[in-house]
Amino acid sequence: MAVTPLILRETSSGISSYRIEDEMLRQREIQCVGPIDDKAADALCLQLRYLQREDPDAEITLYINSPGGAVQSGLAVYDVMKAVSCPIRTVCLGLAASMGALLFIAGDQRDMLPHSQVMIHDPLTLAQPGGSALELKALSDNLMRIRDITGRVIAEHTGKTLEEVLEVTAHDTYYEADEAVAFGLADRVITAL
């Protein structure tokens, strides 16, 4: 397990230490790294709301390297991203997949490093098939409803039609940085942060 070092600063009262993440938050930079679950979504929503309270007009940079995760958790973050007044720049580091991709493409300015990737697909269910026919139908109906929601979000942010989006999300579709720009998932490839 990698350990993130602390920042050490000499002050009038001695040496103080604090987390790098705290310094980055002070600079209005936050990160979405790893799976998106309730805990990760809560942390991201809290940081976004805090930064809006600090300065409702200043840009926030959200770095994303995520394999995706729970749809409802990701949609909660998406809703907060759209609800705050701050412009949000998203930067793809490594991989933005599934719900990580949806959050990445929701940025007002969407940047990718040269060797990063975006992967989009239809939402998956972790529920085991079983139960009554009505339970299976309810599960299927909900999955199709979520497919429509995520497809519409991707269409809105890429300029593609819903039909075009659903065609490519029918299976895992990976985009290299230049391909993501061409498809409308990203705005530009950057080589400097």
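Observations, loosely collected:
- Interchain or long-range residues, amide H under 5 Å from LEU95's placed H: SER66, GLN117
- Derived scalar couplings between HN and Hα for the range 11-23 equal 10, 5, 9, x, 8, 10, 10, 7, 6, 4, 4, 5, 5 Hz in order, rounded to whole Hz, by the Karplus curve 6.51 cos²θ - 1.76 cosθ + 1.60 (θ = phi - 60°), x for Gly and Pro.
- A 1.4 Å probe, protein heavy atoms only, puts the accessible area of LYS82 near 80 Å².
- Rounded if a/c under 1.5, otherwise prolate or oblate - the range 1-74, Cα gyration tensor axes: oblate
- Scalar couplings 3J(HN,Hα) for the range 27-36, obtained by applying the Karplus form with A = 6.51, B = -1.76, C = 1.60 to θ = phi - 60°, are 8, 6, 10, 10, 9, 10, 10, x, x, 8 Hz; x denotes Gly and Pro.
- Charged-residue dipole, Cβ positions (Lys, Arg, Asp, Glu), the chain about Cα centre, Debye nearest 20: 320 debye
- In sequence order, calculated HN-Hα J values of the range 109-116 (Karplus, 6.51, -1.76, 1.60; Hz; x Gly/Pro): 10, 10, 10, 10, 6, x, 9, 8
- Peptides 16-23, 27-34 ranked from most to least packed give 27-34, 16-23, packing being the mean of other C-beta atoms within 10 angstrom over each peptide's residues.
- Charge tally in the Cβ shell below 13 Å around LEU95, where Lys, Arg are +1 and Asp, Glu are -1, LEU95 excluded: -2
- Computed E for GLU164/THR191 - FRET, C-beta separation, R0 35 angstrom, nearest 0.05: 0.75
- Using a probe of 1.4 angstrom and keeping all protein chains present, the accessible surface of the range 68-180 works out to 48 square angstrom per residue.
- Of the solvent-accessible surface of the range 148-193, computed with a 1.4 Å probe over protein heavy atoms with every protein chain present, carbon and sulfur atoms account for 49 percent.
- Proximity of backbone amide H atoms, modeled 1.01 Å from N, is registered between ILE190 and MET112, LEU113 at under 5 Å, excluding neighbours fewer than 5 places apart on the same chain.
- Value of [θ]222 nm, deg cm²/dmol, for the chain, DSSP H segments ≥ 4, -39500 (n - 2.57) each, nearest 500: -13500 deg cm²/dmol
- Euclidean distance of C-alpha centroids, the range 137-193 and the range 1-71, integer Å: 26 Å
- Amide H partners (placed H, <5 Å) of GLY69, local residues excluded: ILE36, MET99, GLY100
- Legend: residues PHE183, PHE104, sorted from most to least accessible area (1.4 Å probe; ligands, DNA and RNA excluded), read PHE183, PHE104.
The values are calculated or read from the model by the stated rules, or taken from the named source; none is laboratory data. The model shown is predicted, which means the values in this text are computed figures rather than measured ones. Here Cβ is always computed from backbone atoms with ideal geometry, including for glycine, and neighbour counts include all displayed protein chains. Heads up: the accessible areas ignore ligands, DNA and RNA and are worked out on the full protein's heavy atoms, side chains in. Shrake-Rupley method; radii C 1.70, N 1.55, O 1.52, S 1.80 Å.
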